[in-house]
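The values are calculated or read from the model by the stated rules, or taken from the named source; none is laboratory data. Not measured: the values here are computed from a predicted model. Positions of Cβ are generated from backbone atoms using ideal geometry, with glycine treated the same way; all protein chains shown enter the neighbour counts.
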């Protein structure tokens, strides 16, 4: 498949990249090696309005010792092969170099990055387990400054971001002359903690979106209430599964 249309920017500095990301917010996706993002784009699992390619930004591919205690800083553009071939890491943290050697295949290792893999956070990915074992910290940077996130706090369950809903999709069937997307309910859920009250309100909004007709199977009011009940049940099930996966 081909990706959906998107705009493309390749900033030349970190300052420029952060400004672009602040301007476009969640509608922008960052690309480093592209080994995680490009497949998502092709499958249309991700449809950003803008792709921000950071590959041209200097000094993001560094692997350097931070202190005498053996702490290393690995830049956002450090590739798997860079980690595999790092002489310093081979001595100070050989497990990192060994893990890099077993990532996918040579094509991926020569393009993909450790940081990109961590941000993608595939539960089947190798680097997540490695950074957890090392007790690594992730340094996140924005125009507002930097914050340090411990690895054990960084990885979240699917569609949960710090205990809040990162994305929700609600589709309704057989309650109108077409399938209906409950957009108001989806928008309401975004960024909220999935409490019982929030779920109940989202279910109410979804029911208001429905357009059923009176017929032999029931009144329109009854069908809307059925929508409310089933959306509420479905959301509670989805949240429960997401929490179990964390």
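Among the residues of the range 46-72, the ones that are farther than 21 Å from residue 5 by Cα and surrounded by fewer than 16 Cβ atoms within 10 Å (Cβ to Cβ) come to 12 in all. Put simply, of 223, 167 the only residue that is surrounded by fewer than 19 Cβ atoms within 10 Å (Cβ to Cβ) and either part of a loop (DSSP other than H, G, I, E, B) or not assigned by TED's automatic domain parsing to the domain that holds residue 25 (or both) is 167. The set of residues in the range 116-127 that are surrounded by 21 or more Cβ atoms within 10 Å (Cβ to Cβ) and either farther than 17 Å from residue 76 by Cα or within 14 Å of the chain's Cα centre (by Cα) (or both) comprises 116, 117, 118. For the range 30-42, a tally of residues being crowded, with 19+ Cβ neighbours inside 10 Å and touching a strand residue (DSSP E or B) at 6+ places or on another chain (Cβ under 7 Å) returns 4. Tell me, please, whether a residue that is surrounded by fewer than 13 Cβ atoms within 10 Å (Cβ to Cβ) and farther than 27 Å from residue 21 by Cα can be found in the range 140-149. Looking for residues that are surrounded by fewer than 13 Cβ atoms within 10 Å (Cβ to Cβ) and farther than 27 Å from residue 21 by Cα, one finds none in the range 140-149, hence no. Taken together, 133, 140 contain a single residue that is modelled with pLDDT of 90 or more and in a strand (DSSP E or B), which is 140.
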